[in-house]
Amino acid sequence: KAGVTQTPRYLIKTRGQQVTLSCSPISGHRSVSWYQQTPGQGLQFLFEYFSETQRNKGNFPGRFSGRQFSNSRSEMNVSTLELGDSALYLCASSVTANYGYTFGSGTRLTVV
Amino acid sequence: AQRVTQPEKLLSVFKGAPVELKCNYSYSGSPELFWYVQYSRQRLQLLLRHISRESIKGFTADLNKGETSFHLKKPFAQEEDSAMYYCALHLYNQGGKLIFGQGTELSVKP
């Protein structure tokens with residue numbers, strides 16, 4: 001059974017650019033969440049989608065957005081990149097949240 | 001406000017010694033708690049769910065609502081247990097949102 005797949009693994013972008021990260025959940029998982037991981041702030045919730053609907057959003061500026069497609073695949077977009085957006089972005093999927101989430105390997109974003 | 005606190009950034013023990021990684025939470029609702037583990041150069045993975053009351057790789061965790069704690073325990077640590085451990089609180093009435101603690105790095109010395 002394939003795990004959660006995130007692409008690309010690494011990205012280097014320049015300040016002011018925008019970026020799109022992709023996540024393919026485990027087959028049958030309808031809940032997809034995104035997290036930002038940094039050494040200083042740890043793991044912080046970005047947003048969660050279930051059946052193409054955003055159910056919750058974390059405390060991040062509007063530059064951070066996401067969506068989920070009918071096949072449960074999800075993308076997140078960050079516009080007008082800032083140096084502080086450099087982080088590991090993790091995607092996680094679940095059948096139902098109280099069973100726990102399966103995480104992907106992440107996309108390492110570096111903003112220069 | 002909802003919060004998860006892991007008071008120890010680093011916990012170092014010798015092989016065969018008991019291990020307890022502390023986790024305290026703040027949440028007015030009925031908590032759903034998890035432990036996740038991240039081994040070196042591997043992805044974050046689920047270790048335990050409090051609702052299942054299971055033992056995984058010799059680890060157990062009991063939810064203590066009176067003390068608002070969910071400490072992770074193992075009676076005899078192994079070198080392969082060395083990893084980063086995260087306690088997480090699921091806010092069931094807010095979709096799939098997890099609040100993570102800052103993590104505790106467990107180092108098991110030979």
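Annotations for the structure displayed:
- Among (1) in contact (Cβ under 8 Å) with a residue 12 or more places away in the chain; (2) at negative phi; (3) within 14 Å of chain B (Cβ to nearest Cβ), the one test that residue A:72 misses: (2)
- Among the candidates B:85, B:36, residue that is within 14 Å of chain A (Cβ to nearest Cβ), surrounded by 15 or more Cβ atoms within 10 Å (Cβ to Cβ), in contact with an Asp or Glu (Cβ under 9 Å, 6 or more places away or on another chain) and part of a strand (DSSP E or B): B:85
- Restricted to segment B:14-33, and to residues there that are part of a strand (DSSP E or B) and of a type in the set (Ser, Thr, Tyr), the residue that is surrounded by the most Cβ atoms within 10 Å (Cβ to Cβ) is B:25.
- Complete set of residues in segment A:1-25 that are farther than 13 Å from residue A:85 by Cβ and either modelled with pLDDT under 95 or crowded, with 18+ Cβ neighbours inside 10 Å (or both): A:1, A:2, A:3, A:4, A:6, A:23, A:24, A:25
- Considering the conditions (1) within 11 Å of chain B (Cβ to nearest Cβ); (2) farther than 25 Å from residue B:52 by Cα, residue A:48 is excluded by exactly one of them, (2).
- Out of B:11, B:33, B:48, sole residue that is on the phi < 0 side of the Ramachandran plot and in contact with a His (Cβ under 7 Å, 6 or more places away or on another chain): B:33
- Where a residue in segment B:89-110 is closer than 15 Å to residue A:34 by Cβ and touching a residue at least 12 places away in the same chain (Cβ under 8 Å) and its partner, wherever it lies, is surrounded by fewer than 16 Cβ atoms within 10 Å (Cβ to Cβ) and charged (D, E, K, R), with Cβ under 8 Å and at least six apart: B:99/B:3
For (1) within 13 Å of chain B (Cβ to nearest Cβ); (2) of a type outside the set (A, V, I, L, M); (3) not in a strand (DSSP E or B), each residue gets a yes or a no:
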| position | (1), (2), (3) |
| --- | --- |
| A:6 | yes, yes, no |
| A:17 | no, yes, yes |
| A:33 | yes, yes, no |
| A:40 | yes, yes, yes |
| A:44 | yes, yes, no |
| A:84 | no, yes, yes |
| A:109 | no, no, no |
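- Checking each residue of segment A:76-97 against the condition of being crowded, with 21+ Cβ neighbours inside 10 Å, at pLDDT 95 or above and in contact with a helix residue (DSSP H, G or I) (Cβ under 9 Å, 6 or more places away or on another chain) gives at least one match.
The values are calculated or read from the model by the stated rules, or taken from the named source; none is laboratory data. Since we're looking at a predicted model, the values are computed, not measured. With ideal geometry, Cβ positions are generated from the backbone for all residues, glycine too; neighbour counts draw on all protein chains shown.
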